[in-house]
């Protein structure tokens with residue numbers, strides 16, 4: 001969360017000429033409600049199932065850049081599935097960087113809206129620690145403070161290594 005997946009996905013798609021999809025946006029359009037509303041009205045289990053289904057449908061398009069939510073790789077064996085069907089990239093950010101990025105949009109994020117600033121910082125640290133074993137299985141890891149549009153060119157030219 002807050003690592004810039006959507007922003008960088010769009011940048012890389014524009015640079016490479018590949019199509020782009022934000023998994024959460026695709027789900028919101030299909031469900032005609034926000035991710036937060038889906039969590040609230042249907043529950044996280046429903047959302048995670050829809051997320052996996054939508055991910056697998058999107059990957060049927062060849063050469064597409066997909067920004068998935070921060071939890072996507074951690075459920076339904078999605079990371080292994082993504083590694084088997086594409087090139088995975090983990091955008092690594094420090095808890096402090098993530099806090100600065102998500103605090104302004106905290107109410108839009110279903111896992112964050114009930115936190116105080118202090119508990120939000122602790123929650124971010126906990127989630128990163130919890131998810132890092134899954135995130136570390138991505139094929140590439142890039143620190144978000146070192147990203148550029150040139151990063152995608154590296155990925156495209158080194159994808160078969």
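Where a number appears in this text, it was derived from the coordinates with a stated rule and is not lab data. Owing to the predicted nature of the structure, the values given are computational and were not obtained by experimental measurement. Because the Cβ atoms are built from the backbone with ideal geometry, glycine has one as well, and the counts that use them run over all protein chains shown.
In which sequence would 5, 137, 127 go, from the one with the fewest C-beta neighbours within 10 Å to the one with the most?
On the way: 5 23, 137 14, 127 18.
Fewest to most other Cβ atoms nearby, the residues stand as 137, 127, 5.
Return a whole-number percent for the relative contact order of the chain, with Cα pairs under 8 Å and 6 or more residues apart as the contact set. Walk me through the numbers on the way to the answer.
Working: 160 pairs, mean separation 50.3, N = 161.
With pairs under 8 Å counted, the relative contact order is 31 percent.
What number, rounded to the nearest 500 deg cm²/dmol, is the helix-based mean residue ellipticity at 222 nm of the chain, given -39500 (n - 2.57) per DSSP H run of at least four residues and division by all its residues?
Values: 8 runs with 88 residues, N = 161.
Roughly -16500 deg cm²/dmol at 222 nm, from the helical runs in the chain.
Using the number of other C-beta atoms within 10 angstrom as an exposure proxy, rank 88, 116 with the fewest first. Walk me through the intermediate numbers first.
Numbers: 88 20, 116 9.
Result, fewest neighbours first: 116, 88.
Would you mind classifying region 1-100 by shape? Square roots of the alpha carbon gyration tensor eigenvalues, ordered a ≥ b ≥ c; an a/c under 1.5 is rounded, otherwise it is prolate if a/b is larger than b/c and oblate if not.
Values: a/c = 1.44, a/b = 1.16, b/c = 1.25.
Here region 1-100 falls in the rounded category.
Using the scaling law 2.2 N^0.38 Å as the reference, what is the normalised Cα Rg of region 12-161?
On the way: Rg = 15.7 Å, N = 150, 2.2 N^0.38 = 14.8 Å.
Against the compact-globule rule of thumb, the ratio is 1.06.
So for 102, 59, 89, fewest C-beta neighbours within 10 Å to most, what's the order? Let's see the in-between values first.
Working: 102 19, 59 16, 89 22.
Going from least to most buried by this count: 59, 102, 89.
Between residue 41 and residue 116, with labels modelled 7 Å along Cα→Cβ, what's the label distance in nm to one decimal, could you check?
Once both label points are built, they end up 3.3 nm from each other.
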